[in-house]
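Single-structure report; data block below.
The values are calculated or read from the model by the stated rules, or taken from the named source; none is laboratory data. None of these values were measured; they are calculated from a predicted model. Cβ placement follows ideal geometry from the backbone for every residue including glycine, while neighbour counts extend to all protein chains displayed.
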Amino acid sequence: MTRRTVAVLAITMLCMFLMYSIAFGFNAADLAALKATHNCSRCDLSGANLQGVNLKGANLSWTNLTRANLDGANLTGANLYEAVLSGVNLTGARLSGSIWTDGITCTQGSVGQCKH
């Protein structure tokens, strides 16, 4: 192969990777790790569909959850310290005992929003 062909292929592959990242947002390996271990500190889960997922006690500290769907998720006792939650759907999410983004623990009965 010529250098030009290699360069064109490399640029094409890079563009495809970037389009995949923009379209889906989250890192698939991070999502798999979260589901397997409930530990995903400093992960990128932006735009991930976590509707109804059991994340009880999960470590999501410093995680990017921008525009993620956490509708009905069980986040009881989860660590969300310094997590990015802009545009997140928390409708029906159980947050009792969770450590909120500011380090405060959500009170019992917190659903859809962290009550202090």
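Filtering region 58-108 to residues that are of a type in the set (Phe, Trp, Tyr), farther than 19 Å from Ala32 by Cα and under 14 Å from the mean Cα position of the chain (by Cα) leaves only Tyr81. One residue alone among Ala48, Ala58, Ala83 is modelled with pLDDT under 95 and touching a strand residue (DSSP E or B) at 6+ places or on another chain (Cβ under 8 Å), and that residue is Ala48.
The single condition from (1) assigned to a loop (DSSP other than H, G, I, E, B); (2) more than 11 Å from the chain's Cα centre (by Cα); (3) at pLDDT below 95 that Leu9 fails is (1).
Taking the criterion of being touching a residue at least 24 places away in the same chain (Cβ under 8 Å), at negative phi, assigned to a loop (DSSP other than H, G, I, E, B) and touching a helix residue (DSSP H, G or I) at 6+ places or on another chain (Cβ under 7 Å), would at least one residue in region 38-50 satisfy it? Looking for residues that are touching a residue at least 24 places away in the same chain (Cβ under 8 Å), at negative phi, assigned to a loop (DSSP other than H, G, I, E, B) and touching a helix residue (DSSP H, G or I) at 6+ places or on another chain (Cβ under 7 Å), one finds none in region 38-50, hence no.
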